[in-house]
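Notes to accompany the following structure.
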Amino acid sequence: MSTAVATPPPPAGAPLTKKVLTADHPTWCPGCGDFAVLASFYRVLEKLQYPHEKIVTFAGIGCSSRFPYFVNTHGGHFIHGRALPFAAGISLGGDDLHVFVFGGDGDGFSIGGNHLTHTARKNVRITYVIMDNSVYGLTKKQTSPTSPIGFKSKTDPWGALDQPINPMRTLLNSGATFVARSHATQVNHMTEMMLRAARHDGFSVVEILSECVEFFEGAFDAAIPRKGGHWVLIDEKKNDGSPEDAARHDVSDELAAFQLAGQAWPGKFGVFYENKTRRTKNALEAELIAKTREKTKGATDLALLQATFAKLR
Amino acid sequence: MVSPNTPEASGGASASAAPRSIKDVVIRLAGNSQDGIQAIGGFLARLAGRSDQDVMTYMTIPSTISGGPSIFQVRMGTGDILSAGDRADMLVAFYQHSYDAHIGSLRPGGVLLYDADHVKPVEGDNRFTNVACPITTGTIEAVGGTAKDKGKNIYVLGLIARIFDLEVAKLTQLIRERFGGKNEDIVRNALLAFDAGYAWPQNNLRDLFYRFEAIDRATAVSGRPQVTLDGNSAIAYGFLAAGVRHGAGYPITPWSSIMETLRTELPKYGGVFVQCEDEIASISTALGFSYTGNVAITGSAGPGLSLKMEALSWATMAEMPIVVVNVQRGGPSTGMPTNVEQSDLMQAIYGSHGDTPRVVLAPKNVEDCFYLAIEAVRIARAYSTPVLLLTDQALSSRIEAFDEPDLKALMVPPGPDRTERPADFKPYPLDRQTRHAPAGTRIASGKYPVVTGLEHDEFGHPTGSPKLHAQMNAKRREKIKALAATLPAPELSGDASGEALIVTWGSNYGPAREALERIRAAGVSAAHLHIRHVHPLPHGLEEVLARYRKVVVAELNDEGVYGFGQFATLLRARYALPSIVSTCKTDGLTFKVSELVAGVARHLGNATLEGLVSQARPSPLASR
């Protein structure tokens, strides 16, 4: 057991720094891509400067899902695959909270696949970071929903047979209103993607390719230039009226996003899609409450329930 | 336009002189689900709630989506009505199939009232008073041809009102309230149908005229008005009173109406109810709400509860308050979804992986659904623990009248406690009760807590320490034991010691109380113990159980491989008394009083009692 406080606490309103935000030392293996994701997340929170107590970091189960222990914010570690519905409860139960969910490809696309679809379609205000390593790492090398065909694992020693999930297509199809893709070796890009996701009003997802050096070494080398790969960014439309702008990617164009998602491995990185018009469930529920209360003319809870019982007489 | 209430005032050309006094009556209405027979039952129940009578109903809903045979049974009378009644005193048969299926449920001497347009009773069967009434043509003549036979239910309501001398002014007021929102023609047609039904016995039935005994004013207590509602509504309103403003669920029979009510009501209270994609998401979302300091509810029926079990284990480990309703139905698997059973007890108490001490409460009747819902939320908050509210299909749809709750005294303010926590705040202190700091709460130390399903230290950080695991397991166990020490002694009625103790939980309360009366009337010393806090058990039960030769645990589940029902198994494990025996059944129906008497008689080896059961009890409506 650790003791409560060794250093004096920061005064209320003091800036959030990496030092303040650091909690337990990560349990990840040396060389794991997730370290870089954590470092980028500290930078994101340093830039956002939300009130400390309003930040919530949540996760399901997996290597990457240990994340909340390493970030000094309100947070928690739930059951496998169900962090999103839990986070939906946090977001809808505390509308002033900034809710971040971290998880892996198994948590998000396999056991939690149904929740991903429905949280996306409801557009609950949550930022979801999927640290995709294309392998089950915590359980030591089984095939994951994003393992490529032919990947040799303990459950497919002859090489994976099943078609993997295409994360971008899946997310677009679910109705996520912000969909982006990054790589754990690109700290600045990751930080920018997470920052934009956090600022998006709605369900925002960043998939980060994060290598598992123990069980799937070299999985994402195809996008690492120093290993001979190609790091190609999405050229976003600038709306500057220039002739070359016409060919650039319009992030509000769903069809164009699907086309990007269908590109050959390793594909492009950046924001695939952003829908700024669809309203969040948070806003819709708040409006429902406001309209309902208009009808009841702000009656007290007691008066409302008394009226209900009076009708049952 | 409505007939006055007393036959004398209606012009004198009327039924026989004085009505015969009866204590209570069981009326079974059998027709098709589209005939609106539930509405008749609803009107009678509401009327009883507004009168001096007590009421209890029983309903079957066809499991087909629309149409099909349906029944509604209502028992009304003077004094405490504890069960819906074993057999009917009056059967109203709308169709031949209604007659065929339900004539067996009519007590000898009872009244068979049938639609002469559709039903031909067996000739020469003189066990009953047969009344052939042209319900269909009578309704059409009254209302006019356009509405076809719509309104038959209200015509029958008129018939019943006349035969049992019910308060017409109150009934017509209920009809106006029910149909008043629609167009005035509907109200007028309904009243025409009612009048026609009310008038028919005067000209055709001279002897069938009853009146309920006047209530003993000394025993009619509270002075508060009566309210009439079903068990699921009572639970939903209990949650509102308890300050619950958040919930999540997935539809499943017979739980759905609770989530429908809360989805509709909560926005008025500034709350949110989320319809989720599945059962697991529902409990997860509810736990997320609780984590923000808004103690939330979810619920389901048996199969859905199974799906929630992993998250329930997390709630025990993370010490997160939540209330989970389980409306039990016939299982296993999809089983008999519109029938009653009490076979989820073990699942409720022990269903999860790992050691998961948690709280299970079971309401005894509709009124108790309201109060135990409030208590479930109170316990969840006070002990930071999951609480299961184990109700059943019979309670979910049964309508009862009870004293309107004193809401002013009961209302609990909602909302999270976000006051800043001191620097020594620990989410999981070993020496104190866990009190989470909801997300959004400042912690003076600047060190923020983690809620977790991993075994953890006092700050919520993962640990592999064997010592801590044992200590934390003990902490989670001891708080449930601390709750047990505060629980009130369960209700014991009857003899302080003797031959038999009937033990029940859940909706068996009413029939068991009636069974006790019959057993004691036969000269057998006996008592009835009803347990609402089924886990943990209240203190002091061992002394009570030891005072009877046989402890007969009556429950609606299978006797299992070893010959004992689920609660009996627990009681035997807990108290190690060989006198604990079981009376179980799984026919999907609530206990009949006679079945309970028979169960006790069998265990006592008491031939007199057994003889009592086989005696046919004539209906109080029988002609003298």
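Alpha carbon centre of the stretch B:483-516 versus the stretch B:17-46: separation in Å? Taking the Cα centre of the stretch B:17-46 as reference, the centre of the stretch B:483-516 is 31 Å away. Loop-located GluC sites (Glu not before Pro) in the stretch A:139-227 (DSSP state not H, G, I, E or B) with no more than 16 neighbouring Cβ atoms inside 10 Å: A:217.
Only DSSP H runs of four or more residues enter the estimate; each adds -39500 (n - 2.57), and after division by the residues of chain A the mean residue ellipticity at 222 nm equals -9000 deg cm²/dmol. If only the Cβ of Lys and Arg carry +1 and only the Cβ of Asp and Glu carry -1, the dipole of the stretch A:18-278 around its Cα centre is close to 340 debye. For the stretch B:416-486, the gyration tensor built on C-alpha atoms gives an oblate shape. Its axis ratio a/c (a ≥ b ≥ c) is at least 1.5, and a/b is not larger than b/c. Distance from the alpha carbon centroid of the stretch A:246-313 to that of the stretch B:61-131 works out to 52 angstrom.
Shown here for the stretch B:499-583: chymotrypsin sites (Phe, Trp or Tyr not before Pro) in loop regions (DSSP other than H, G, I, E, B) with at most 10 other Cβ atoms within 10 Å, namely B:562. Averaged over peptide A:93-100, the number of partner chain Cβ atoms lying within 10 Å of each residue's Cβ comes to 5.
What shape does the stretch B:8-212 take by its C-alpha gyration tensor, where a ≥ b ≥ c are the square roots of the eigenvalues and a/c under 1.5 counts as rounded, a/b above b/c as prolate, and the rest as oblate? Note, shape of the stretch B:8-212 comes out rounded. Taking the DSSP beta bridges with both ends in the protein assembly as shown, the antiparallel portion is around 30 percent. What does the charge count near residue A:51 come to, summing +1 for each Lys or Arg and -1 for each Asp or Glu among other residues with Cβ under 11 Å from its Cβ? Its environment carries a net charge of 0.
Toward the positive end of the charge dipole of the stretch A:172-240, with +1 on the Cβ of Lys and Arg and -1 on the Cβ of Asp and Glu, the farthest Cα among A:182, A:212, A:202 is that of A:202. Taking loop as defined by DSSP and a crowding limit of 15 other beta carbons within 10 Å, which trypsin sites (Lys or Arg not before Pro) in the stretch B:399-433 fit? Sites meeting the loop and neighbour criteria: B:432. Compared with the dominant Cα axis of chain A, that is its longest principal axis, helix A:281-295 is turned about 10°.
Return the subset of B:308/B:479; A:122/A:237; A:238/A:268; A:238/A:281; A:140/B:467; A:140/A:268 for which the Cα-Cα distance in this structure is over 21 Å, preserving the input order. From B:308/B:479; A:122/A:237; A:238/A:268; A:238/A:281; A:140/B:467; A:140/A:268, over 21 Å: B:308/B:479; A:122/A:237; A:238/A:281; A:140/B:467; A:140/A:268. Taking the Cα centre of the stretch B:416-486 as origin and assigning +1 to Lys and Arg Cβ atoms and -1 to Asp and Glu Cβ atoms, the resulting dipole is close to 160 debye.
Highest GNM mean-square fluctuation, chain A, Cα pairs closer than 10 Å: which of A:239, A:188, A:72? Of the options given, A:239 has the highest mean-square fluctuation. Taking 37 °C and 0.692 mPa s as conditions, the protein assembly as shown diffuses translationally at an estimated 106 µm²/s according to Stokes-Einstein applied to its Kirkwood radius (Cα pairs). The relative contact order of the stretch B:382-519 comes to 22 percent, based on Cα pairs under 8 Å that sit 6 or more residues apart. The value of relative contact order for the stretch B:491-614, using C-alpha pairs under 8 Å at least six residues apart, is 28 percent. What is the distance in Å between the Cα centroid of the stretch A:31-69 and that of the stretch A:87-149? Their Cα centres are 14 Å away from one another. Which angle between 0 and 90 degrees, to the nearest 10, do you get for helix B:309-318 versus the longest principal axis of chain B when only C-alpha atoms count? On a 0 to 90 degree scale, this one is about 50. What the Cα atoms of chain A give is an Rg and a Dmax of 21.5, 79 Å. How far is helix B:231-241 tilted, in degrees, relative to the longest principal axis of the Cα atoms in chain B, given as a value from 0 to 90 rounded to the nearest 10? So the inclination is approximately 50 degrees. Whole-Hz Karplus values for the stretch B:197-214 come out as x, 5, 6, 4, x, 4, 8, 10, 10, 9, 9, 7, 8, 10, 9, 6, 3, 5 Hz, taken residue by residue from phi with 6.51 cos²θ - 1.76 cosθ + 1.60 and θ = phi - 60°; glycine and proline positions read x.
Per residue of chain B, the DSSP helices (runs of n ≥ 4 H) give a summed -39500 (n - 2.57) that works out to -11000 deg cm²/dmol at 222 nm. Of the residues B:202, B:304, B:164, the one whose Cα sits farthest toward the positive end of the charge dipole of chain B, with +1 on the Cβ of Lys and Arg and -1 on the Cβ of Asp and Glu, is B:304.
Using a Debye calculation, one point per C-alpha and no hydration shell, please list log10 I(q)/I(0) for the stretch B:491-614 at q = 0.11 Å⁻¹ in order. Values returned for q = 0.11 Å⁻¹ are -0.31.
Overall, the ratio between the Cα radius of gyration of the stretch A:163-313 and 2.2 N^0.38 Å, rounded to two decimals, is 1.53. With contacts taken as Cα pairs under 8 Å and at least 6 residues apart, the stretch B:228-404 reaches a relative contact order of 29 percent. Counting only Cβ charges, +1 for Lys and Arg and -1 for Asp and Glu, the dipole size of the stretch B:521-562 around its Cα centre is about 220 debye. Around residue A:284, with a cut-off of 14 angstrom between Cβ atoms, what is the net charge of the other residues, counting Lys and Arg +1 and Asp and Glu -1? Local net charge: +4.
Values in this text are rule-based calculations from the coordinates and carry no lab data. Bear in mind the structure is a predicted one, so any value in this text is a computation, not a measurement. Neighbour counts are summed over all protein chains in view; Cβ atoms, including those assigned to glycine, are modelled from backbone coordinates with ideal geometry.
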